[in-house]
Amino acid sequence: MSVVRDIRPTGLSDSVTLRDGSAVHLRPLRGDDESALRAFLDGVSPESLRQRFCGATDLSRAATSLVHGCGADDAALIVQAASSAEIVAHAASFRIDAIRAEVAFLVTDSWQGRGLGSLLLSRLAQDAESTGVTTLVADTLPRNRAMIAVFERSGYPVEIHWDAHGVEVEIDLTPIVPALARAA
């Protein structure tokens with residue numbers, strides 16, 4: 001049973017080798033992933049969970065919500081280690097309106113720093129662009145510098161708004177047409 005639409009862009013492999021040589025498998029989240037997603041959440045440090053959910057959360061409820069709380073315009077991916085069926089990352093985009101979607105990511109601690117956040121952002125951005133979304137937004141805690149750096153290095157124009165409670169990131173997906181191409 002598919003939970004969300006299949007977001008695998010044509011021509012992109014689901015098997016990926018990360019910058020450290022690790023192999024992973026990306027695929028859309030499915031309705032039968034709830035117990036595996038709960039096991040994934042159980043294996044993530046309390047600090048990483050706080051950064052993803054911006055506070056304490058009930059992990060059983062979170063797993064159920066992540067699997068069954070997606071709407072028809074939302075997209076969710078999981079990443080599994082190629083050597084096992086273990087989930088090592090989850091990412092999702094939730095449609096806000098016709099041109100905006102919110103994105104969220106969680107990578108298990110032992111897999112952080114290997115490029116999964118960038119890979120997942122790229123995949124979600126490609127999907128968002130194909131459905132007419134021009135802006136991705138994300139809310140994160142100010143101390144989550146690693147995720148903020150992923151957004152800053154994404155290759156898209158990024159606006160970051162800091163306040164005492166958090167950081168709002170806006171990622172502009174509007175294609176940039178080089179000046180020479182416009183002049184031609």
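The values are calculated or read from the model by the stated rules, or taken from the named source; none is laboratory data. This structure is a prediction, so every number in the text was calculated from the model and none was measured. Cβ placement follows ideal geometry from the backbone for every residue including glycine, while neighbour counts extend to all protein chains displayed.
Answer with yes or no whether ARG153 is at pLDDT 90 or above, among the basic types (Lys, Arg) and crowded, with 19+ Cβ neighbours inside 10 Å. Considered against the rule, which asks whether it is at pLDDT 90 or above, among the basic types (Lys, Arg) and crowded, with 19+ Cβ neighbours inside 10 Å, ARG153 comes out as no. Every condition in (1) out of contact with any strand residue (DSSP E or B) (no Cβ under 8 Å at 6 or more places or on another chain); (2) buried (at least 18 other Cβ atoms within 10 Å of the Cβ); (3) not acidic (Asp, Glu) is met by SER45 except one, and the failing one is (2).
The conditions of being touching a Cys at 6+ places or on another chain (Cβ under 9 Å), within 16 Å of HIS90 (Cα to Cα) and at pLDDT 90 or above are not met by ALA36. Among the residues of region 18-65, those that are within 19 Å of LEU116 (Cα to Cα) and assigned to a loop (DSSP other than H, G, I, E, B) comprise LEU18, ARG19, ASP20, GLY21, SER22, LEU29, GLY43, VAL44, SER45.
Is it fair to say PHE94 is assigned to a strand (DSSP E or B) and surrounded by fewer than 20 Cβ atoms within 10 Å (Cβ to Cβ)? Considered against the rule, which asks whether it is assigned to a strand (DSSP E or B) and surrounded by fewer than 20 Cβ atoms within 10 Å (Cβ to Cβ), PHE94 comes out as yes.
Only one of the numbered conditions (1) touching a Cys at 6+ places or on another chain (Cβ under 6 Å); (2) at pLDDT 90 or above; (3) part of a loop (DSSP other than H, G, I, E, B) is violated by ALA76, and that is (3). Can you tell me which residue within region 5-17, out of those that are within 14 Å of LEU120 (Cβ to Cβ) and assigned to a loop (DSSP other than H, G, I, E, B), is modelled with the highest pLDDT? Across region 5-17, the extreme among qualifying residues is ASP14. Selection within region 118-164: residues that are touching a helix residue (DSSP H, G or I) at 6+ places or on another chain (Cβ under 6 Å) and either assigned to a loop (DSSP other than H, G, I, E, B) or among the polar types (S, T, N, Q) (or both). The member of this set that is farthest from CYS54 (Cα to Cα) is SER154.
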